[in-house]
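Some notes on the structure that comes next.
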Amino acid sequence: MKGFVELEESYPFDLLEEKTTLNDVIDNRIREHTVEQTERNAFFVADLGNVVKKNIRWKNVMTHVKPFYTVKCNSSHSVIEVLAGLGTGFACANKNEITLVQSLGVTSENIIYTNPCKQISQIKYAAKKGINIMSCDNSVELLKIARNHRSAELLIDIAIADSCEENEMSLKFGATLKDCRHLLESAKELGVQVVGVRFHVPSSSGNMEAYLHALADARCVFDMAAEFGFNMNILDIGGGFSETDGELELEKVCDEIDPLLDIYFPSESGIKIIAEPGSYYVNSAFTLAVNIVAKKAVARDSQDQSGVVVSSVNDEPFFIYYISDGVYGSFANSLYGTVNAIPILHKKPNSGEPVFASSLWGPSCDGLDQVVEHCLLPELSVGDWVIFENMGAYTLEQSAFSELERLPVYCVMSINDWYWMQEVGLTLETSVKNFSCVPSCFQLNQEEGFPAASLSGISA
Ligand SMILES: *Cc1c(COP(=O)(O)O)cnc(C)c1O
């Protein structure tokens with residue numbers, strides 16, 4: 001295809017020539033889908049260079065924190081391969097995820113098993129695969145682990161004091177300080193190793209208090225563990241560095257927790273700090289293109305699909321569009337109110353074209369399947385394409401073995417990003433096996449600054 005670099009080896013992405021943009025890729029794919037009349041009328045484009053840049057930024061900001069990418073967030077093989085090549089670890093919640101990352105060359109020391117409710121067969125599987133570090137927040141789990149995994153190394157999951165009541169996660173998961181004492185005692189009796197503490201603040205923004213409490217509690221648990229003779233050495237600060245509400249989420253969290261870490265877990269203590277970012281790495285790298293499959297013009301003040309009375313502007317019609325993907329697919333997050341989908345038109349409207357009140361619905365004909373409640377759009381036609389950016393987190397079908405069921409994901413990387421990866425010695429194959437030599441040039445001073453691509457030794 002024009003604008004693409006021919007590669008001899010197989011990489012999990014297409015390389016884009018210097019002048020080719022992500023929009024060109026989307027255009028090309030839309031043309032293909034239109035010409036071929038494929039049944040699949042929705043697809044993702046993933047910019048893996050964006051994932052690489054996120055990792056650089058992580059290394060610059062969270063200098064002492066090793067990321068374990070949370071696979072449940074987006075289990076695309078290419079994302080995992082690139083991250084593995086960059087030397088991140090992986091947080092897996094089940095056997096499928098463990099099998100997937102191991103099949104892509106990730107070694108067991110770089111995998112942690114983090115699920116509050118682990119099936120016995122899967123604990124055994126982790127044991128067989130040499131994955132020792134796992135989370136635990138109650139005595140039933142502890143007993144299961146003690147019986148089925150002799151070399152387990154536990155991270156005690158502590159509950160976080162969450163200021164948002166709506167967050168049920170914090171009620172369901174995590175041990176209180178009192179539970180912790182009991183857990184440590186039982187672990188001692190059962191002969192299970194306890195190596196650290198873990199917590200997860202689901203949405204960092206506006207919830208900095210949660211870190212304050214969590215870090216203080218974590219320190220308590222470290223001290224308590226010492227009383228029982230455990231020498232804990234891992235602190236896991238979870239994920240939740242999502243960038244949707246502003247680009248500087250990571251920096252904000254870091255500013256907040258750095259002084260606290262200095263107090264509670266100073267570097268001299270030798271305690272290794274890790275995190276489980278998910279959305280941070282993938283959200284902005286993925287763009288979704290969907291097709292308009294049906295359309296209705298509704299008269300003024302009539303009811304929409306969910307029975308809500310909608311008013312149009314100045315007697316003009318209100319348009320309802322049905323798109324090829326909805327909340328039972330890539331927009332599943334909308335059901336929890338966490339997506340604020342902003343439609344971008346693929347065909348740029350003429351200037352001065354009138355706009356109309358519109359809403360966008362998924363294809364299920366279900367009253368919950370609303371993707372965009374209200375927006376102003378020029379009149380669109382069936383077959384037009386609509387683009388949504390920032391669609392990388394919790395949007396793909398999450399079961400690792402149903403890739404065929406998923407929407408196609410076209411992975412690309414710009415040639416400059418690729419040159420740069422080569423230059424710092426990151427080839428995907430070798431770096432997976434040899435990540436410990438991740439070069440110090442990762443510590444760039446400029447944020448997301450890439451050294452200018454040099455053409456030496458690279459023939460495009
Ligand atoms: C889902 C999850 C994560 C990842 O969260 P993001 O917001 O995507 O970074 C990390 N830790 C735990 C315990 C989770 O459940």
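Can we say Leu142 is closer than 22 Å to Phe199 by Cβ and in the same structural domain as Phe173 (by TED's automatic domain parsing)? Against the criterion (closer than 22 Å to Phe199 by Cβ and in the same structural domain as Phe173 (by TED's automatic domain parsing)), Leu142 qualifies.
Exactly one residue out of Ala332, Ala299 is out of contact with any strand residue (DSSP E or B) (no Cβ under 7 Å at 6 or more places or on another chain), within 16 Å of the ligand (Cβ to nearest atom), modelled with pLDDT under 95 and not polar (S, T, N, Q): that is Ala332.
I'd like the full set of residues that are among the hydrophobic types (A, V, I, L, M, F, W, C) and surrounded by fewer than 19 Cβ atoms within 10 Å (Cβ to Cβ), limited to region 214-223. Of everything in region 214-223, those that are among the hydrophobic types (A, V, I, L, M, F, W, C) and surrounded by fewer than 19 Cβ atoms within 10 Å (Cβ to Cβ) turn out to be Ala216, Cys220.
Residues in region 259-277 that are hydrophobic (A, V, I, L, M, F, W, C) and either open to solvent by 30 Å² or more (accessible area, probe 1.4 Å) or more than 16 Å from the ligand (Cβ to nearest atom) (or both): Leu260, Leu261, Ile263, Phe265, Ile271.
Arg40 meets each of the listed conditions (1) in a helix (DSSP H, G or I); (2) open to solvent by 30 Å² or more (accessible area, probe 1.4 Å); (3) modelled with pLDDT under 90 apart from (1).
Which of the residues spanning region 278-295 are open to solvent by 10 Å² or more (accessible area, probe 1.4 Å) and in contact with a Ser or Thr (Cβ under 6 Å, 6 or more places away or on another chain)? The answer is Ser279, Asn291, Val293. When region 187-213 is filtered for residues that are over 13 Å from Ile273 (Cβ atoms), crowded, with 16+ Cβ neighbours inside 10 Å and of a type in the set (Gly, Ala, Ser), the ones remaining, listed by number, are Ala187, Ser203, Ser204, Ser205, Ala210.
Just to be sure, is Glu256 over 24 Å from Ser135 (Cα atoms) and part of a loop (DSSP other than H, G, I, E, B)? So Glu256 fails the test.
Restricting the first member to region 136-160 and to residues that are in contact (Cβ under 8 Å) with a residue 24 or more places away in the chain and over 26 Å from Asn207 (Cβ atoms), and the second to residues that are within 16 Å of the ligand (Cβ to nearest atom) and open to solvent by 30 Å² or more (accessible area, probe 1.4 Å), the beta-carbon pairs closer than 7 Å and six or more apart or on different chains are Glu153/Ile133.
To keep it simple, each residue is scored yes or no on (1) surrounded by fewer than 15 Cβ atoms within 10 Å (Cβ to Cβ); (2) without any contact (Cβ under 8 Å) to a residue 40 or more places away in the chain; (3) in the same structural domain as Gln193 (by TED's automatic domain parsing).
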position: Leu104; (1), (2), (3): no, no, yes
position: Tyr113; (1), (2), (3): no, yes, yes
position: Lys118; (1), (2), (3): no, yes, yes
position: Ile123; (1), (2), (3): no, yes, yes
position: Ala126; (1), (2), (3): no, yes, yes
position: Gly130; (1), (2), (3): yes, yes, yes
position: Met134; (1), (2), (3): no, yes, yes
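No other residue among Val61, Val65 is within 16 Å of the ligand (Cβ to nearest atom), touching an Asp or Glu at 6+ places or on another chain (Cβ under 8 Å), open to solvent by 10 Å² or more (accessible area, probe 1.4 Å) and in contact (Cβ under 8 Å) with a residue 60 or more places away in the chain apart from Val61. Report yes if Val140 is hydrophobic (A, V, I, L, M, F, W, C), modelled with pLDDT of 95 or more, within 16 Å of the ligand (Cβ to nearest atom) and assigned to a helix (DSSP H, G or I), otherwise no. Answer is no for this residue.
Taking the conditions (1) out of contact with any Phe, Trp or Tyr (no Cβ under 7 Å at 6 or more places or on another chain); (2) away from the ligand (no atom under 16 Å from the Cβ) in turn, Met232 satisfies each one other than (1). Test Ala91 against the stated conditions and say whether it is modelled with pLDDT of 95 or more and either within 13 Å of the ligand (Cβ to nearest atom) or buried (at least 23 other Cβ atoms within 10 Å of the Cβ) (or both). Spelling it out, Ala91 is indeed modelled with pLDDT of 95 or more and either within 13 Å of the ligand (Cβ to nearest atom) or buried (at least 23 other Cβ atoms within 10 Å of the Cβ) (or both). Do we find that Val79 is open to solvent by less than 10 Å² (accessible area, probe 1.4 Å) and within 13 Å of the ligand (Cβ to nearest atom) in this structure? Against the criterion (open to solvent by less than 10 Å² (accessible area, probe 1.4 Å) and within 13 Å of the ligand (Cβ to nearest atom)), Val79 qualifies. Counting only residues that are away from the ligand (no atom under 16 Å from the Cβ), modelled with pLDDT of 90 or more and in a loop (DSSP other than H, G, I, E, B), region 386-413 holds 1 of them. Please go through region 405-419 and give me each residue that is without any contact (Cβ under 8 Å) to a residue 40 or more places away in the chain and either open to solvent by 30 Å² or more (accessible area, probe 1.4 Å) or of a type in the set (A, V, I, L, M, F, W, C) (or both), ordered by number. Hit for region 405-419 is Glu405, nothing else.
Note on region 238-258: residues that are away from the ligand (no atom under 11 Å from the Cβ), in contact (Cβ under 8 Å) with a residue 40 or more places away in the chain and not β-branched (Val, Ile, Thr) total 6.
The values are calculated or read from the model by the stated rules, or taken from the named source; none is laboratory data. Computed from a predicted structure; not experimentally measured. Positions of Cβ are backbone-derived with ideal geometry, glycine not excepted, and every protein chain shown enters the neighbour counts. For the accessible areas, the whole protein counts, side chains as well, though only heavy atoms, and no ligand, DNA or RNA atoms are used. Shrake-Rupley method; radii C 1.70, N 1.55, O 1.52, S 1.80 Å.
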